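> Just dropping this structure here.
The values are calculated or read from the model by the stated rules, or taken from the named source; none is laboratory data. Being a predicted model, the structure only gives us computed values, none of them experimental. Glycine gets a Cβ as well: all are built from the backbone with ideal geometry, and neighbour counts include every protein chain shown.
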């Protein structure tokens with residue numbers, strides 16, 4: 001698939017915000033970079049993992065840090081290209097393709113912009129099927145690949161290399177300290193892997209799913225009185241292991257947020273449009289972790305929580321939520337691979353210090 005027009009970019013960005021579950025970074029900056037490449041006649045090819053040679057060298061390019069400070073640290077046009085060059089020098093060979101580490105938010109668009117800039121294909125896959133706040137929270141890591149060597153750089157050119165650690169969690173801890181020192185927002189090249197690794201360990205088809213969602217929202221506004229009706233036809237397909245439902249319809253009455261340890265940490269409180277006694281809360285750590293309705297958990301990681309404008313179905317990132325906004329909250333099932341026991345150990349509720357056990361969103365009591 002060739003991404004060669006501005007409407008596709010807008011659809012991708014829209015889908016990326018929804019799959020970003022509140023985080024992943026606002027894709028607006030990445031969208032501008034990709035649009036500029038397309039205007040200059042440089043397009044990007046999105047390829048399936050099956051098209052890779054088993055011995056191909058594949059690398060992830062990703063932003064790391066707090067989404068709340070992203071607009072204060074605009075990406076330099078060549079920072080990701082320098083990161084790619086550093087990885088190639090270390091590995092002693094050319095990179096054959098780029099894979100997003102996550103499909104949500106900024107980190108789904110930045111690899112596309114770089115792919116267009118340097119003429120490399122981007123793989124229609126990722127390591128999360130959504131966005132997560134920690135580097136180790138990928139299927140790549142769960143199934144044996146390591147994030148190191150990891151090359152880090154900010155928009156000013158300050159650069160750090162994490163060559164080797166004992167665990168990807170340790171890589172995350174080191175990278176988080178570095179990120180805080182370099183302004184709470186950096187970019188990185190990481191997770192060098194083979195084509196065979198991608199075929200067996202990645203979440204396949206996630207980028208085209210992102211595009212399908214973004215395009216579906218745009219078309220639903222035209223074809224349906226209620227765009228959520230059209231959107232749910234895409235998101236809720238039990239026969240294809242897709243499950244989704246509206247968890248809540250209400251307005252924000254309180255937001256408590258801070259940037260802590262390089263993360264956007266927040267609590268969002270809502271009440272029902274017609275019933276102020278109906279209370280809904282979302283806990284945030286860059287991404288939405290858990291949603292409760294009147295004290296009962298209705299969706300929890302790794303399943304996805306998405307906040308959308310209740311009239312247009314436009315997804316809204318967590319750092320843009322504010323008092324008075326009227327939203328519908330969607331709960332979406334994570335990719336089946338993300339629900340496996342070995343994956344839940346790394347990015348299930350307990351990994352975030354939550355006491356609740358994971359319950360599939362399709363099994364909750366919300367109608």
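> Quick check: anything in segment 48-59 surrounded by fewer than 20 Cβ atoms within 10 Å (Cβ to Cβ), at pLDDT 95 or above and under 20 Å from the mean Cα position of the chain (by Cα)?
Taking every residue of segment 48-59 in turn, at least one turns out to be surrounded by fewer than 20 Cβ atoms within 10 Å (Cβ to Cβ), at pLDDT 95 or above and under 20 Å from the mean Cα position of the chain (by Cα).
> Right, here's the next one. Looking at segment 77-103, which of its residues are touching a helix residue (DSSP H, G or I) at 6+ places or on another chain (Cβ under 8 Å), farther than 18 Å from residue 198 by Cα and part of a loop (DSSP other than H, G, I, E, B)?
Of everything in segment 77-103, just one residue is touching a helix residue (DSSP H, G or I) at 6+ places or on another chain (Cβ under 8 Å), farther than 18 Å from residue 198 by Cα and part of a loop (DSSP other than H, G, I, E, B), namely 77.
> What residue, among those in segment 131-160 that are under 12 Å from the mean Cα position of the chain (by Cα) and at pLDDT 95 or above, is farthest from residue 179 (Cα to Cα)?
Out of the qualifying residues, it is 138.
> Collect the residues in segment 312-339 that are touching a residue at least 60 places away in the same chain (Cβ under 8 Å) and surrounded by fewer than 19 Cβ atoms within 10 Å (Cβ to Cβ), keeping them in residue-number order. Can you show your working first?
First pass over segment 312-339, keeping only residues touching a residue at least 60 places away in the same chain (Cβ under 8 Å): 312-338.
Within segment 312-339, 312, 314, 316, 320, 322, 323, 324, 325, 326, 336, 337 meet the criteria.
> Filter segment 272-299 down to residues that are out of contact with any strand residue (DSSP E or B) (no Cβ under 6 Å at 6 or more places or on another chain) and outside any strand (DSSP E or B) and give me whichever is modelled with the lowest pLDDT.
The qualifying residue modelled with the lowest pLDDT is 274.
> Residues of segment 228-271 being at pLDDT 95 or above, more than 23 Å from the chain's Cα centre (by Cα) and part of a helix (DSSP H, G or I), which ones?
If the condition is that a residue be at pLDDT 95 or above, more than 23 Å from the chain's Cα centre (by Cα) and part of a helix (DSSP H, G or I), then 229 is the only one that fits.
> Limited to segment 228-241, what total is found for residues that are surrounded by 17 or more Cβ atoms within 10 Å (Cβ to Cβ) and touching a helix residue (DSSP H, G or I) at 6+ places or on another chain (Cβ under 6 Å)?
3
> Scan segment 247-271 residue by residue and report those that are in contact with a strand residue (DSSP E or B) (Cβ under 6 Å, 6 or more places away or on another chain) and surrounded by fewer than 17 Cβ atoms within 10 Å (Cβ to Cβ).
Listed by number, the residues that qualify are 251, 253, 254, 256, 257, 258, 267, 269.
> Consider segment 319-337. How many of its residues are in contact with a helix residue (DSSP H, G or I) (Cβ under 7 Å, 6 or more places away or on another chain) and outside any strand (DSSP E or B)?
3
> Can you say whether residue 212 is assigned to a strand (DSSP E or B), surrounded by fewer than 17 Cβ atoms within 10 Å (Cβ to Cβ) and not assigned by TED's automatic domain parsing to the domain that holds residue 186, as far as the supplied structure shows?
Details: assigned to a strand (DSSP E or B): no; surrounded by fewer than 17 Cβ atoms within 10 Å (Cβ to Cβ): yes; not assigned by TED's automatic domain parsing to the domain that holds residue 186: yes.
Taking the combined requirement at face value, the residue does not satisfy it.
> Now for a separate question. Consider residue 31 carefully, then state whether it is part of a helix (DSSP H, G or I), modelled with pLDDT under 95 and either outside the structural domain of residue 161 (by TED's automatic domain parsing) or out of contact with any strand residue (DSSP E or B) (no Cβ under 6 Å at 6 or more places or on another chain) (or both).
Against the criterion (part of a helix (DSSP H, G or I), modelled with pLDDT under 95 and either outside the structural domain of residue 161 (by TED's automatic domain parsing) or out of contact with any strand residue (DSSP E or B) (no Cβ under 6 Å at 6 or more places or on another chain) (or both)), residue 31 qualifies.
> Please pick out the residue among 191, 187 that is on the phi > 0 side of the Ramachandran plot, in the same structural domain as residue 43 (by TED's automatic domain parsing) and crowded, with 24+ Cβ neighbours inside 10 Å.
Only one candidate passes the filter, namely 191.
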